[in-house]
Amino acid sequence: MPKPSTPATLLVRLPNPLGDVVMATPLLHSLRMGLPQTRIVVAGNAPYGALLDGLDSFDQFLALNRSVPHAQVLRQAQADVALLLPNSWSSVLAARKAGIPRRIGRRNQMRQLLLQHSLPPIPGAAPMTELYADFLPSVGVQREVLAAELVVTGPAKTPLPSDATTGATSLIGVAPGAAFGPSKSYPKELLLSALQELHDSHGFVPVWLGSPNERAMLEDYANSLPFDSVLPATQATGLGEAKALIASCSVVLAMDNGARHMAAALRVPQVVIYGPTHPAWSAHALEHTTILRRDELDCLNCHQKVCPKADHPCMNRIAPSNVVRAVQDAVAAAPST
């Protein structure tokens, strides 16, 4: 098979979940290295512009939202090739309506009818970084898997404890929610018990992380603690600020959610609680990742948004003492800066 011609302008349609966007950054870096003369345009949900701000792996970001047809936005790129990372019909239809002549994506629900080059369906649980790297040969770039990357381009706007800068306070980012569904979340009472112990024994102060839709939950959690914690300002916290907040933390305690991926890309140690989802999907940048999981359960990886069992064993059987120990060990093992 002849090597594909080098695109003049390449459009990369980002995935929709936050964590998957972070796991797509190695693909962008590989494309930039392999196609130095190509103009690379990235299109994705509007908040992701701030998430990717500071990277030198693309030339333009196009913000997608519900108020403007996606095809109209994609047409601005004037691309000759599009890499469609979502496996949806809507993404390939928008690229076609935008007049992009060469569309590349995975075969899924007969999407190949509108693709000029189709990749095989996803074979099973595998890191998204590797699945995105499968796109590289289709534009003539050698397939490789690199580390995820994010950069912080400015200071956090949210005031941090005054003694944080002196080292007297250790900040722990806490991301208790998950857009996937409640089955991913560690029970509130267990989480608060772990945070209380971490505060009492090591002085950890929580920095609450979550989407604007999770604001009420974060306020409830923060108000349920008998000590002060850091809660972003009332206005919706942007992903640029979230990056800065995560970078200021010694460790992040998260579910299988976007905050975990951001912390990994920022090289902040993470303790991640897994239950209904398979860790293999996000097995990237694991150098500073601790996974907590009840491996003996036969109901793991069910991918149910709401647990059908009354006791939700994959979460309830993880003791707060195990969370505390994992956080302590993660901080102790982190390289000094």
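Which of the following residues is among the hydrophobic types (A, V, I, L, M, F, W, C) and in contact (Cβ under 8 Å) with a residue 40 or more places away in the chain: ALA310, ALA326, ALA332?
Values: ALA310 fails: in contact (Cβ under 8 Å) with a residue 40 or more places away in the chain; ALA332 fails: in contact (Cβ under 8 Å) with a residue 40 or more places away in the chain.
Exactly one residue qualifies, and that residue is ALA326.
When only residues in the range 115-137 that are farther than 24 Å from LYS3 by Cβ and surrounded by 15 or more Cβ atoms within 10 Å (Cβ to Cβ) count, which is farthest from the chain's Cα centre (by Cα)? Before the answer, list the steps.
Residues of the range 115-137 that are farther than 24 Å from LYS3 by Cβ, as a first pass: 121-128.
Those still in the list that are surrounded by 15 or more Cβ atoms within 10 Å (Cβ to Cβ) too: 122, 127-128.
Details: ILE122: 19, PRO127: 12, MET128: 11 Å.
Checking each candidate, the answer is ILE122.
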Among the residues that make up the range 167-178, is at least one of them modelled with pLDDT under 75 and surrounded by 14 or more Cβ atoms within 10 Å (Cβ to Cβ)?
yes
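Could you look through the range 211-251, keep only residues that are within 16 Å of VAL22 (Cα to Cα) and of a type outside the set (Gly, Ala, Ser), and pick out the one that is surrounded by the most Cβ atoms within 10 Å (Cβ to Cβ)?
As a first pass, look at the range 211-251 and keep what is within 16 Å of VAL22 (Cα to Cα): 211, 238-244, 246-247.
From what's left, of a type outside the set (Gly, Ala, Ser): 239, 241, 243, 246.
Numbers: LEU239: 20, GLU241: 19, LYS243: 24, ILE246: 27.
That would be ILE246.
Residue check: is VAL230 assigned by TED's automatic domain parsing to the domain that holds CYS302 and at pLDDT 95 or above?
Details: assigned by TED's automatic domain parsing to the domain that holds CYS302: yes; at pLDDT 95 or above: no.
No: the conditions fail for VAL230.
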Looking only at the range 24-68, count every residue that is free of Cβ contacts under 8 Å to residues at least 60 places away in the same chain, of a type outside the set (A, V, I, L, M, F, W, C) and surrounded by fewer than 16 Cβ atoms within 10 Å (Cβ to Cβ) and tell me the total.
8
Tell me, yes or no, whether the range 200-217 has at least one residue that is free of Cβ contacts under 8 Å to residues at least 24 places away in the same chain, closer than 16 Å to ILE172 by Cβ and either hydroxyl-bearing (Ser, Thr, Tyr) or in a helix (DSSP H, G or I) (or both).
yes
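For the range 112-138, which positions are part of a helix (DSSP H, G or I) and in contact with a strand residue (DSSP E or B) (Cβ under 6 Å, 6 or more places away or on another chain)?
GLN112, SER138
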Scan the range 16-25 and give yes if some residue there is more than 21 Å from GLU144 (Cβ to Cβ) and in a strand (DSSP E or B), otherwise no.
no
Identify, from the list GLY140, GLY105, GLY99, the residue that is surrounded by fewer than 18 Cβ atoms within 10 Å (Cβ to Cβ), modelled with pLDDT of 90 or more, touching a Ser or Thr at 6+ places or on another chain (Cβ under 7 Å) and not hydrophobic (A, V, I, L, M, F, W, C).
GLY140
Among the residues of the range 304-319, are any modelled with pLDDT under 80, among the hydrophobic types (A, V, I, L, M, F, W, C) and over 25 Å from MET128 (Cβ atoms)?
yes
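The values are calculated or read from the model by the stated rules, or taken from the named source; none is laboratory data. Predicted model, so just to flag it, every value in this text is computed and none were measured. We place every Cβ from the backbone using ideal geometry, glycine too, and count neighbours over all the protein chains shown.
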